[in-house]
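Quick one: structure below, then a few questions.
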Amino acid sequence: MPVPNSLTSKNGKKYAQVNFDQVTEKGLKPFLDALKKAGLTVENVAASNRVTKKNGLNVKTATLRFEDGQELQTEINDSGDFSGFKLNGKPIPAVRADTLSKIADSLATTVKQNAKKFSESLARKAKRVIDISGTKPAVKSNVQRLKEAKDRRDKLNKNVQTLQETVNTATKQKSDLTQRVQDAQTRLTTAKAITAQLEDQLKKLENPDA
């Protein structure tokens, strides 16, 4: 069923609309064509056709990226008309008109007026990246690398020495523990033998005629 290009609101005004059921690159083609006629070339469209809630109403969003890198996010409500716009992540005044061409013309004016500011912002960001990369330390000399290598070696040797001492201590503790176990085993064996002798003596005392 074809969708009309405009709808009449309760106040009697007509607003341009798109197909809310098809908020995709294909479904937005009439709007994209209007933008192209207004002088804006859309290089990429990100539109999942997914419904989200805003203030209790169903809305869908589509993000359009133009050839100069600027991005326009459009918000479309469930009646198919545009309810909000963001340019490069910042809200811009909502555009209300009875045709897609008028909306496209208004948006094109805003996008073109912001082009220089956007370009300068990109240049500043690029300059910061260059400045940061320019603060990197110079290539180290062989003397510096040799000193750092020796420092690392000495640190590793110290760690090895510490670990060896730990191993030696643990080994000694194990040896001492083994000796204690052996001594205890000897005492246990002796105690068992003495106990057996005592039991034998007790039996003889209890039964002297046996």
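The values are calculated or read from the model by the stated rules, or taken from the named source; none is laboratory data. Worth saying up front: this structure is predicted, and the values here are computed from it rather than measured. Positions of Cβ are backbone-derived with ideal geometry, glycine not excepted, and every protein chain shown enters the neighbour counts.
Considering only region 76-124, state which residues are among the charged types (D, E, K, R), farther than 16 Å from Asp33 by Cα and crowded, with 17+ Cβ neighbours inside 10 Å.
Once the filter is applied, which keeps residues that are among the charged types (D, E, K, R), farther than 16 Å from Asp33 by Cα and crowded, with 17+ Cβ neighbours inside 10 Å, region 76-124 yields only Asp81.
Looking at Leu7, Leu40, can you tell me which residue is surrounded by fewer than 17 Cβ atoms within 10 Å (Cβ to Cβ), modelled with pLDDT under 95 and more than 31 Å from the chain's Cα centre (by Cα)? Can you show your working first?
Details: Leu40 fails: surrounded by fewer than 17 Cβ atoms within 10 Å (Cβ to Cβ).
Just a single option satisfies the conditions, and that option is Leu7.
Return yes or no: is Lys136 modelled with pLDDT of 80 or more and among the basic types (Lys, Arg)? Please lay out each step first, then the result.
Details: modelled with pLDDT of 80 or more: no; among the basic types (Lys, Arg): yes.
No, not satisfied.
Turning to a different aspect of this structure: For region 129-138, indicate whether the set of residues that are in a loop (DSSP other than H, G, I, E, B), among the hydrophobic types (A, V, I, L, M, F, W, C) and more than 19 Å from Val23 (Cα to Cα) is non-empty.
Looking only at region 129-138, we keep the residues that are in a loop (DSSP other than H, G, I, E, B), and these are 135-138.
Pick out the ones that are also among the hydrophobic types (A, V, I, L, M, F, W, C) and you get 138.
So of that shortlist, the ones also more than 19 Å from Val23 (Cα to Cα) come out as 138.
The answer is yes, given that some residue of region 129-138 is in a loop (DSSP other than H, G, I, E, B), among the hydrophobic types (A, V, I, L, M, F, W, C) and more than 19 Å from Val23 (Cα to Cα).
Which members of region 92-102 meet the condition of being at pLDDT 95 or above and within 15 Å of Gln73 (Cβ to Cβ)?
Result: no residue meets the conditions.
Go through region 46-60 and give me each residue that's within 25 Å of the chain's Cα centre (by Cα) and either buried (at least 18 other Cβ atoms within 10 Å of the Cβ) or of a type in the set (Gly, Ala, Ser) (or both).
Ala46, Ala47, Ser48, Lys60
It is to be established whether one or more residues within region 15-35 are part of a strand (DSSP E or B), of a type outside the set (S, T, N, Q) and assigned by TED's automatic domain parsing to the domain that holds Leu100. Don't jump to the end; show me each part of the working.
From region 15-35, those part of a strand (DSSP E or B) are 15-17; that's our starting set.
Checking which are of a type outside the set (S, T, N, Q) leaves us with 15-16.
From what's left, assigned by TED's automatic domain parsing to the domain that holds Leu100: 15-16.
Within region 15-35, one or more residues are part of a strand (DSSP E or B), of a type outside the set (S, T, N, Q) and assigned by TED's automatic domain parsing to the domain that holds Leu100.
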